[in-house]
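Quick notes on the structure that follows.
Please treat every number below as a calculation from the coordinates, not as lab data. As the structure is a prediction and not an experimental result, all values here were calculated from the model. For neighbour counting, all protein chains shown are included, and Cβ atoms are generated from backbone atoms with ideal geometry for every residue, glycine included.
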Amino acid sequence: MVSAGTKLTLEAFLALPAGDVTYELVDGQAVPKVSPQETHSILTFTLTTLLSRWAKFHGRVRLEWALALKRRGEDWAPVPDVTYISYERLPASVRRTRACPVPPELVLEILSPGQTIQEFENKAQDYFAAGVLRMWLVEPDALFLQVFFPDRPSQIYTGDIPITDPLFPGLSLSIKEIFEEAELL
């Protein structure tokens, strides 16, 4: 693929051949994402479905779509589990892009075994510095969803507590609803 020590540009990263492993571009290196387990896959599908129902006239929801961002002045192409971007930020007429060319409003990540909340707290700060407005983190084992904001402390949602946000008018979900829809409760 790429020899060790070779620093990739965003263009070179996006030109890499597709394979069985999903990679993110971090500090010029293609870094493999954690391979999802069944629960992760089910939650990703469920969240994509639920958000897509709401987003139909607001924007687009994408599964594992690379984002063309900057991190500490360098090309960065994270691949969140789910992304929402409004038609205001990326018009519906823009189609078939290899990577999302502008920061989305929302990135959603699902904690996998071996990953830590601290890793995602750090990643949230990188997302916000790049122009993303919200990051949601689902913790499948503890049954909570943590919403990270660029300008205030994160908020944790459990059970029937509705997850609402003025940034997403008309969207209301609960962690219970998400896990019931996924048939995980």
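Data overview
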{"item": "FRET efficiency, 1/(1 + (r/R0)^6) with R0 45 Å, evaluated for Phe57 and Thr158 via beta carbons", "result": "0.90"}
{"item": "Using a Förster distance of 25 Å, the FRET efficiency for Leu16-Thr49 (Cβ separation, nearest 0.05)", "result": "0.30"}
{"item": "Structure-based [θ]222 nm, the chain - -39500 (n - 2.57) summed over DSSP H runs of at least 4, per residue, nearest 500", "result": "-7000 deg cm²/dmol"}
{"item": "Dipole of the chain, positive direction: furthest Cα of Pro103, Trp54, Thr39, with charges on the beta-carbon", "result": "Pro103"}
{"item": "Folded to 0 to 90 degrees: helix 38-55 orientation relative to the chain principal axis, Cα", "result": "80 degrees"}
{"item": "Cleavage-rule hits, trypsin sites (Lys or Arg not before Pro), segment 19-115, DSSP coil, Cβ neighbours within 10 Å at most 11", "result": "Lys56, Arg72, Arg95, Arg96"}
{"item": "Tilt relative to the chain, helix 117-129 - C-alpha long axis, 0 to 90 degrees, to 10", "result": "70 degrees"}
{"item": "Additional length obtainable on full extension of the chain from Phe144 to Lys7, 0.36 nm per residue less Cα span", "result": "45.6 nm"}
{"item": "Relative contact order (percent, whole number), the chain, Cα cutoff 8 Å, 6+ residue spacing", "result": "15 percent"}
{"item": "Cα gyration tensor, segment 118-173 - rounded (a/c under 1.5), prolate or oblate", "result": "oblate"}
{"item": "Net +/- balance of residues flanking Ala55 in space, Cβ distance below 15 Å, scoring K and R +1, D and E -1", "result": "+3"}
{"item": "Segment 123-185, relative contact order in percent, only Cα pairs under 8 angstrom and at least six apart counted", "result": "20 percent"}
{"item": "Pairwise Cα inverse-distance average, inverted: Kirkwood Rh of the chain (Å)", "result": "17.0 Å"}
{"item": "Geometric extent, Cα atoms of segment 1-87 - Rg, Dmax (angstrom)", "result": "14.7, 44"}
{"item": "Estimated distance in nm for a label pair at Asp151 and Gln118, the labels positioned 7 Å out from Cα along Cα-to-Cβ", "result": "3.0 nm"}
